[in-house]
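Notes follow the structure.
The values are calculated or read from the model by the stated rules, or taken from the named source; none is laboratory data. Just so it is clear, the model here is predicted, and its values are computed rather than measured. Cβ placement follows ideal geometry from the backbone for every residue including glycine, while neighbour counts extend to all protein chains displayed.
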């Protein structure tokens, strides 16, 4: 019975959390934010626009970060180079699970950039109810078709947004260069392609697609300080990486069960990255060959080599501040909508 009650409470808490987040996202991101962004646009206040989008994403994602780090019991062991607070960067990361994004938010929070991450994502995710619109408005996702000819206009638009001097604000542009999550079937296809085109044959990551990385570094070179190379290693459960999003939301034990996730990070100064597309392509292949070796060692040893970097969990006070902001803004919008409904009702 205690086990049944624990599972029931965990699943109920996950469901309530999702309902709460959806409620706030609809009111704050989908209703209030467009009005505020329109006012900023009319006032030509680009800097305030960037700050506003950063603030909303920060208080939104801090709830998820707290859930991951405190309730789900995810503990990060970070090794490698320290990242620089206040620095803009292009980030490349291996892709194994939907959980990767949440882990990267926790990593970004260590240097205060969890409100300023930008992801390349497939266009179909833009149609996800409520959250797709919110992702567009806070500019967290850059939705692409994965056809370079069609995506060039999207790249030009987002790069212009990120490099606009009047709205300059630090950012992390995160690219999953493999283009999809790793599994054995995809690995086989990736290896066949690599052999056919005389490219590195990889076993623990997929062969990276170089177009998005090259375009990003070329266009943002004058606005970024480095390329961040991040490799994530998960504990293996019956051949599957964990924790999954379902594990985090519905199968946690309120922090009693620990999920130790290893993160290795490397900072490559932008000055060390060549200007030509061929040099950037070769660099990316070298980076993923190194990731492949790191993942092979991780499977054997259960950790990454390198100097340990202290990991600081999101505090209860930080969460309380974000909760008050999110709830307060939601309440403001709700009262406003009720007042507007009553006004329309009585005017008729």
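Data for the structure
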{"item": "Pairs with Cβ under 9 Å, 6+ apart, first in the range 164-185 and at positive phi, second part of a helix (DSSP H, G or I)", "result": "179/212"}
{"item": "Of residues in the range 288-323 being touching a helix residue (DSSP H, G or I) at 6+ places or on another chain (Cβ under 9 Å) and assigned to a helix (DSSP H, G or I), the one nearest to residue 20 (Cα to Cα)", "result": "323"}
{"item": "Residue within the range 251-269 that is part of a helix (DSSP H, G or I) and either buried (at least 17 other Cβ atoms within 10 Å of the Cβ) or under 22 Å from the mean Cα position of the chain (by Cα) (or both) present", "result": "no"}
{"item": "Long-range neighbours under 6 Å by Cβ, at least six apart or interchain, first residue more than 21 Å from residue 173 (Cβ to Cβ) within the range 45-67, second crowded, with 21+ Cβ neighbours inside 10 Å and at pLDDT below 90", "result": "59/326"}
{"item": "Some residue of the range 124-134 being more than 26 Å from residue 232 (Cα to Cα), at pLDDT below 85 and surrounded by 17 or more Cβ atoms within 10 Å (Cβ to Cβ)", "result": "no"}
{"item": "Check on residue 41, within 20 Å of residue 169 (Cβ to Cβ), touching a helix residue (DSSP H, G or I) at 6+ places or on another chain (Cβ under 8 Å) and surrounded by fewer than 15 Cβ atoms within 10 Å (Cβ to Cβ)", "result": "yes"}
{"item": "Restricting the range 189-212 to residues that are free of Cβ contacts under 8 Å to residues at least 24 places away in the same chain and outside any helix (DSSP H, G or I), the residue that is surrounded by the most Cβ atoms within 10 Å (Cβ to Cβ)", "result": "201"}
{"item": "Some residue of the range 45-61 being under 18 Å from residue 254 (Cα atoms) and in contact with a helix residue (DSSP H, G or I) (Cβ under 8 Å, 6 or more places away or on another chain)", "result": "no"}
{"item": "Pair list, Cβ under 8 Å, 6 or more apart: the range 72-97 residue free of Cβ contacts under 8 Å to residues at least 40 places away in the same chain, other residue surrounded by fewer than 20 Cβ atoms within 10 Å (Cβ to Cβ) and in a loop (DSSP other than H, G, I, E, B)", "result": "85/111; 85/112"}
{"item": "Residue 76 vs. criteria more than 30 Å from residue 219 (Cβ to Cβ), modelled with pLDDT of 90 or more and not in a helix (DSSP H, G or I)", "result": "yes"}
{"item": "Residue in the range 279-287 that is surrounded by 13 or more Cβ atoms within 10 Å (Cβ to Cβ), at pLDDT 90 or above and not in a helix (DSSP H, G or I) present", "result": "no"}
{"item": "Unique match (being surrounded by 14 or more Cβ atoms within 10 Å (Cβ to Cβ), more than 27 Å from residue 62 (Cα to Cα), in contact (Cβ under 8 Å) with a residue 24 or more places away in the chain and touching a helix residue (DSSP H, G or I) at 6+ places or on another chain (Cβ under 8 Å)) among 155, 159", "result": "155"}
{"item": "Subset of the range 85-126 [out of contact with any strand residue (DSSP E or B) (no Cβ under 7 Å at 6 or more places or on another chain) and part of a loop (DSSP other than H, G, I, E, B)]", "result": "85, 86, 88, 95, 98, 110, 111, 112, 114, 115"}
{"item": "Residue in the range 46-63 that is over 20 Å from the mean Cα position of the chain (by Cα) and part of a loop (DSSP other than H, G, I, E, B) present", "result": "no"}
